[in-house]
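K.L.:
So that we are looking at the same thing, I have put the structure below in structure tokens.
The values are calculated or read from the model by the stated rules, or taken from the named source; none is laboratory data. None of these values were measured; they are calculated from a predicted model. Reconstructed Cβ throughout: ideal geometry from the backbone, glycine too, with neighbour counts over all protein chains shown. For accessibility, only protein heavy atoms count, side chains too; no ligands or nucleic acids. Shrake-Rupley method; radii C 1.70, N 1.55, O 1.52, S 1.80 Å.
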Amino acid sequence: MEFFQPLEVFLSRNETLKSLEILGCNITYHTMAFLMMTLSKRRCQLENIKLEDVTNEGLSEMASWFRWFDARNQAISKRMSFRGIYLLDEDCSNLAAVIENYDIRFEEIDLHGNSFIGPNGWRLILSALARQRYTLQRLNASLCRLNDAHMGIFILTEIFSANPNVMPDELNLSMNEINLEGIQLLGSLLVKRNPPVKELDLSANDAKLDGWRVFINSFVSNPTKTPLDLHLRDCGIRGELYRDLARLVQLPTCSLEKLFLKGNARLNSGRMNQIVDSLKFNATLREMSLPGVVTVGGWNRLLSLICDETDICTTYSSNHSLLHFHSPTVPREIIPCLEMNKIQDKKAVATLKVILCHFARNFNVRLFEVMELPVLVEVMEFVNRGFAMRDVRKEYLAAVERDHRD
């Protein structure tokens, strides 16, 4: 209790508090009542409350104070964190009541580490979310044992399949030991119901080769329409699964914008070539992390993907969409090409790469012989303005400035 008395003095002088985090404290019934009463005295418009190590009695008291806040039409937090509280099924009814009974437009609910929530508890929470008229932005259910044995993943896919529009924009299901059947149900949900999820984290789940193959191939057969960031770190992906991923990435209908594969089996030269070749046909992927240490040969292949200097046509048709490789060893030769790819006008990017690769050092008219007409027109428009290296720099800086202004 002594800890919260200075907080009362602070709040008495501050009505602009937006965020409150109390970590590592044993928040019991009495301390929670004191805290909520203090907050209610000041009409603070809290947008973020993060409490850890709250006892179940404290959570119950918090629910009762939510009713008091609601009666006064006082703003309640949009983001709630319940990390490490170890809720039981019977305790989830309080959280479900807060979600369902009050017009609180939660943006984020963090339940990381609540591994004691059983099927009934998940059904209470997810059903309450499903009955709301808005979509939760983020749901963190990592390290919650939402696996096949505990039935949690089945409850989740069942409720979101019946209500795909309420599936959160960002869903974290990492470290849940989701196995073969659970990952298959999740893949089927994503491609058949096409929920609005934009980021999905399945890292550190053990679906085995068969489970991941079904999951990946479900996207190949039925591509999603919503752009998706997919986290598959430490998932045991290896061998033929990289070929399946390459098939997915090279599809014109591929909706992946970010793909993270760190912690999986290292790519040999053959698998690296498959991934690079698939990216030649991809115009949506923006960020990527690769497993293991990328060799010099692997980086050379990636450099040729982003800026192929074989001839003008291959340079013009290089990959202009990749913006970032998550690796501590990205060679400095690749960085300028990635920076150029950040310009939104991809025709300008292609033209700049052609000029820098084929005209900056030696102006060779014979290079025009292999250019297709659209490429020739783009380059000649620039050359006719009086080509020089200073013009290349000016054009690049002007394109960057236009991109930032837009």
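K.L.:
Pull out the extension gain between S321 and D206, defined as 0.36 nm times the separation in residues minus the alpha carbon to alpha carbon distance; nm, one decimal. Show your work: numbers first, answer last.
P.N.:
On the way: separation 115, 0.36 × 115 = 41.40 nm, distance 3.13 nm.
Using 0.36 nm per residue and subtracting the Cα-Cα distance, I get 38.3 nm.
K.L.:
I want the local charge near K262. Using Cβ-Cβ distances under 10 Å, sum +1 for each Lys or Arg and -1 for each Asp or Glu among the other residues. Display every interim value, and only then the final one.
P.N.:
On the way: positive: R233; negative: D234.
Cβ neighbours under 10 Å give a net charge of 0.
K.L.:
In whole percent, how big is the carbon plus sulfur part of the accessible area of the range 144-210, probe 1.4 Å, protein atoms only?
P.N.:
Details: 1290 of 2630 Å².
Its accessible area is 49 percent carbon and sulfur atoms.
K.L.:
Still on this structure, please answer the following. Cα-Cα over 27 Å: which of K198/K342; K225/K353; K192/K342; K262/K353; K258/K353; K198/K353?
P.N.:
Listed pairs above 27 Å: K225/K353; K192/K342; K262/K353; K198/K353.
K.L.:
Please give me the summed charge of the neighbours of Y242: other residues whose Cβ is under 13 Å from its Cβ, Lys and Arg +1, Asp and Glu -1.
P.N.:
Working: positive: R213, R238, R243, R247, R266, R271; negative: E240, D244, D277.
Value of the local net charge: +3.
K.L.:
How many nm separate the modelled label positions at Q137 and N217, each set 7 Å beyond the Cα in the direction of the Cβ?
P.N.:
Going by the 7 Å Cα→Cβ label model, 3.9 nm.
K.L.:
Can you compute the FRET efficiency between S93 and A162 using 1/(1 + (r/R0)^6), with r the Cβ-Cβ distance and R0 = 22 Å? Round to the nearest 0.05. Mind dumping the intermediate values first?
P.N.:
Working: r = 21 Å, r/R0 = 0.95.
E(calc), rounded to 0.05, equals 0.55.
K.L.:
So how much slack lies between E333 and R266, counting 0.36 nm per residue of separation and subtracting their Cα-Cα distance, in nm?
P.N.:
Values: separation 67, 0.36 × 67 = 24.12 nm, distance 2.29 nm.
Here the segment from E333 to R266 would lengthen by 21.8 nm.
K.L.:
Under 1.5 on a/c is rounded, so check that first for the range 100-207, then, if it is not, pick prolate when a/b is larger than b/c and oblate when it is not; a ≥ b ≥ c are the square roots of the alpha carbon gyration tensor eigenvalues. Write out the running numbers ahead of the final one.
P.N.:
Numbers: a/c = 1.58, a/b = 1.30, b/c = 1.22.
It comes out prolate by the Cα gyration axes.
K.L.:
Run the accessible area of the range 242-295 with a 1.4 Å probe and give the carbon-and-sulfur part as a rounded percent. Walk me through the numbers on the way to the answer.
P.N.:
Values: 1230 of 2390 Å².
Of all accessible area on the range 242-295, carbon and sulfur atoms account for 52 percent.
K.L.:
Viscosity 1.002 mPa s, temperature 20 °C: give me the Stokes-Einstein translational D for the range 272-351 in µm²/s, with Rh taken as the Kirkwood radius over C-alpha pairs.
P.N.:
On the way: Rh = 12.8 Å.
Calculated translational D: 168 µm²/s.
K.L.:
Would you kindly state how much longer the chain becomes between E309 and E240 on full extension, computed as 0.36 nm times their sequence separation minus their alpha carbon distance, in nm to one decimal?
P.N.:
On the way: separation 69, 0.36 × 69 = 24.84 nm, distance 3.04 nm.
Net length gain for the segment: 21.8 nm.
K.L.:
For a label point 7 angstrom out from the Cα of S127 toward its Cβ, which stretches of the range 85-100 have the backbone nitrogen within less than 20 Å?
P.N.:
The answer is 87-100.
K.L.:
Would you tally the net charge around M272, using a Cβ to Cβ cut-off of less than 11 Å, leaving M272 out, and scoring K and R as +1, D and E as -1?
P.N.:
Values: positive: R266, R271, R301; negative: D277.
In short, +2.
K.L.:
If you don't mind, there's one more thing I want to ask. What distance in nm separates the two pseudo spin-label positions at R193 and Y86, each 7 Å out from Cα along the beta-carbon direction?
P.N.:
About 3.2 nm separates the two model spin labels.
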